[in-house]
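The values are calculated or read from the model by the stated rules, or taken from the named source; none is laboratory data. The structure presented is a predicted model; accordingly, all values stated were derived computationally and were not measured. Note: ideal-geometry Cβ built from the backbone for every residue, glycine included; neighbour counts use all protein chains shown.
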Amino acid sequence: MFVIPVATVGASNSGQTSKDVADRIIQLQDKADKTAAALAQAEIEQGDLSGQIAVAQADVAQKSSDFAGLQAQLAQIAVDRYMSGGTDSADIFFGSPIDALQTEALSAAAYDAGAITLDQVETAKADLEAEQAKLEQLLAQNDQLTATMVAKQAEINDQLAQLVALKATLVDAESKKAYADAVAAKKAKEAKAEAEAAAKQAAAQAAAQASSNTSHSSGGATATVIDAGTVTTVAGAPDNAIPAATPTTVSSNDKPPDTPNLPTAPQPATDDSVDNPDGTSGLVDPPKDPVVVIDTSFLCPMAGPTAFGDTWGDARSGGRHHEGVDMMAAFGTPEVAVVSGFATFKTNALGGNVISLVGDDGNRYYYAHLSSWEGQSRQVAQGDVIGYVGHTGDTSANHLHFEIHPGGGAAVNPYPTVRKYC
């Protein structure tokens, strides 16, 4: 990990040009995004590992109970044999009742009585030891993964702090323009690559449809792209893409129809009955390559340095799949309303402190894992601070889990939109 001294990053005192500093920021942002993706992946792995540990602990408890039960039965057999005069008293009072069963005669007696055999006991013991070894291995893996996550969290914190220091040097018009140009060039390159990939995919799907003997109409499926408040149909999109509904307008003076009247000092609602933060089961695979992109008047949900990767559709514990983007940021970083609308504050098991923002653009936006809210459920303007980054709910990393639901329906991949505006 490299550290950029604040005193040497400015073009004015380091010999670097404004373009050099701008390029350095872009490079560091890319590095931070990769670290964020690695941290998100580690958290996914830890969640899966936690499930395996829980199962292993239950198995060890069951095997331990089974083995203890067999030992108790053997002890009772030994006592019964002694009481009937079949075992030397010395074995009971000066030895182990279990050891007494090592004799061939007593083993045969236990078997003939329809009880248990010593082989059953040995098998149960071996099963217990195997489960204990498996649990110890899983716990060791968890310790190692936890250490990795701690290191990645420290790394992302350092990189975000460096980004703050670097951006603080962009004080004059020349440096600001150089940075804006660098960002624009990067996004143009990314957009070109995405367009080429989409065209290639569409061509492959069209060829596959043309060669298949199905009832699908020729020309491929269609999907909807929200662009500057309009709805546009795009041909050749993936069959599993979720089209967005036409945005509707909600008066800034009205609350959404499904929003109850709030008391003077409302407390965040509790919503622990759902499997996913948005109330869906999460057991159905989300679309692999959704093409719906929110491209209206939109703000980055994070009012501060952030880093993130595309984790849409990644597996989660319990058969769920990731339906958002995980935006890593320092604890307490402000989160803002991406559009104007009505923000409802709630809590649930997975998301912890969450916000459901029903936008005036007709879409719903979901924020999760907040450390705290700003104010109470209310009508908000675009850019209003509504909460702060934290790690509440089912996570240990400071980040914002952010979702986009066009028309209030199913979630679509928010990464392309967030990448464009953050």
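Of note:
- One residue from A105, A113, A109 being at pLDDT below 90, within 30 Å of I77 (Cα to Cα), in contact with a helix residue (DSSP H, G or I) (Cβ under 7 Å, 6 or more places away or on another chain) and not β-branched (V, I, T): A109
- For T395: the one exception among (1) over 16 Å from T333 (Cβ atoms); (2) modelled with pLDDT under 95; (3) not basic (K, R): (1)
- Scanning the range 16-47 for residues that are under 25 Å from G393 (Cβ atoms) and either of a type in the set (D, E) or in the same structural domain as T306 (by TED's automatic domain parsing) (or both) yields D33, E43, E45.
- Condition met for P416 (in a helix (DSSP H, G or I) and touching a helix residue (DSSP H, G or I) at 6+ places or on another chain (Cβ under 8 Å)): yes
- Exclusive hit being touching a Lys or Arg at 6+ places or on another chain (Cβ under 6 Å) and buried (at least 21 other Cβ atoms within 10 Å of the Cβ), set V354, V338: V354
- Of all residues in the range 358-380, those that are more than 20 Å from the chain's Cα centre (by Cα) and either in a strand (DSSP E or B) or over 20 Å from V418 (Cβ atoms) (or both) total 10.
- Matching option when the condition is at pLDDT 90 or above and farther than 18 Å from R24 by Cα, among Q201, Q132, Q209: Q132
- For the residues A193, A185, the requirement of being of a type in the set (A, V, I, L, M), part of a helix (DSSP H, G or I), loosely packed, with under 13 Cβ neighbours inside 10 Å and out of contact with any His (no Cβ under 6 Å at 6 or more places or on another chain) singles out A193.
- The residue list V385, V418 contains one member that is within 20 Å of the chain's Cα centre (by Cα), under 23 Å from A161 (Cα atoms) and of a type in the set (A, V, I, L, M, F, W, C), which is V418.
- Looking across the range 391-411, the residues that are farther than 24 Å from Q29 by Cβ and not in a loop (DSSP other than H, G, I, E, B) come down to H405, P406, G407, G408.
- Single unsatisfied condition, V418 versus (1) touching a residue at least 60 places away in the same chain (Cβ under 8 Å); (2) at positive phi: (2)
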